[in-house]
Amino acid sequence: MTVNSIGVVGAGQMGNGIAHVMALAGYDVVLNDISEDALQRAITLIERNLDRQVSREKITQTDRDQAMARIVITQELPQVAQTDLIIEAATEEEAIKQKIFDSLLPHLGENTILTSNTSSISITRLASRTDRPEKFMGFHFMNPVPVMQLVELIRGIATDKETYDTCLGVVEKLGKTAASAEDFPAFIVNRILMPMINEAVYTLYEGVGNVNSIDQSMKLGANHPMGPLELADFIGLDTCLAIMNVLHDGLADTKYRPCPLLTKYVEAGWLGRKTQRGFYDYRGDTPVPTR
Ligand code: CAA
């Protein structure tokens, strides 16, 4: 199946990055969000990130202008429904994702492929509640989307080969690399990454190290580009907690028990960079550890 147009539902951290790379690769993009503010913020951010790529000579000014011209923003969900491939990138809550798919269904094009950028929720379960489980799969980008090379492709139990191959073709056109993951809780990247982040929070909780020593240890001692607590703030502590809960519930193993300190930060509304406070406080010029 040929894909010319992409619908992106959710203009947050992941949605704006997905719209950015899709438009740059030549796809017509319809970017949807319920909030006009979120759409305006997303467009401003896409423009800024494209400008940064121009100034670093990764792309030309013409590439940038053409990409911006390919993105249409809308608060109307049905406008997304007629695109060839839809990527749902809303909040990591199953009920919200479910509501989006329910609202899309009556308006969908006959051959439209439905995908979710979920980082952990069962693709098979999301697919089973639509009219096209064979044309449904997981299309999972990493943050920041324009920089990270990997896309996880997750087949639900019913996903057909044509759908998988079509999505693989899109990943290749983006110049990214696909990893094929089976549909088990949190797939590959987050199955490995989140327990490490959760363990870093336990290390803080138990007083083995403070925020600085934990992050420095992993940056300088294991060559990670960001320390685990800095990375947790970057991903969003609510997302980290949601993924740990999916692992804990889905695999029923106490080794995935979310650290109570992670829960406490989320309860405080200290969700990381997006709320300006998490394991670091971002309200000043330089981030300051909060513990
Ligand atoms: N858009 C476009 N380009 C961007 C960008 C953006 N949003 N953010 C950074 N860049 C580019 C910069 O322009 C720069 O490009 P050049 O190499 O051409 O100079 C490059 O990325 C590096 O950026 P910086 O120099 O500003 O910063 P840095 O060297 O500190 O790198 C980083 C920033 C790429 C984010 C790096 O710290 C990193 O790789 N961190 C780890 C990120 C990670 O692990 N992501 C996965 C999270 S898990 C996930 O996403 C899955 C999930 O479901 C939760």
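Legend: P(r) of the stretch 190-283 from all alpha carbon pair distances, 5 Å bins from 0, whole percents, reading 3, 15, 26, 27, 19, 8, 2, 0. Sorted from longest to shortest, the spans of the Cα atoms of the chain along the three principal axes equal 56, 46, 32 Å. Listed by chain and number, the lysines whose C-alpha is less than 30 Å from the C-alpha of Lys255, apart from same-chain residues fewer than 8 away, are Lys97, Lys219, Lys264, Lys274.
Normalised by 2.2 N^0.38 Å, where N is the number of residues, the alpha-carbon radius of gyration of the stretch 21-152 equals 1.10. Mean sequence separation of contacting Cα pairs (under 8 Å, at least six apart), scaled by the length of the chain, corresponds to a relative contact order of 13 percent.
Here Lys58 is the anchor, and the lysines within straight C-alpha reach of less than 26 Å, apart from those fewer than 8 places off in the same chain, are Lys173, Lys176. Stretching the chain fully between Ala252 and Gln216 yields a gain of 9.7 nm (0.36 nm per residue, less the alpha carbon separation). With a simple spin-label model that places each label point 7 Å from the Cα along the Cα-to-Cβ direction, the separation between Asp165 and Thr74 comes to 3.0 nm.
Of the residues Asn117, Val201, Val151, the one whose Cα sits farthest toward the positive end of the charge dipole of the chain, with +1 on the Cβ of Lys and Arg and -1 on the Cβ of Asp and Glu, is Val201. Whenever you get a sec, compute what percent of the accessible area on the chain sits on carbon and sulfur atoms (1.4 Å probe). Answer for the chain is 50 percent, counting heavy atoms of protein chains only. Sorting the segments 88-94, 269-275 by their mean number of nearby beta carbons within 10 angstrom, highest to lowest, gives 88-94, 269-275.
The values are calculated or read from the model by the stated rules, or taken from the named source; none is laboratory data. Computed from a prediction, not measured in an experiment: that's the story for all the values here. Cβ atoms come from the backbone with ideal geometry, glycine included; neighbour counts cover every protein chain shown. Remember, those area values only see protein heavy atoms, side chains included, never the ligands or the DNA or RNA. Shrake-Rupley method; radii C 1.70, N 1.55, O 1.52, S 1.80 Å.
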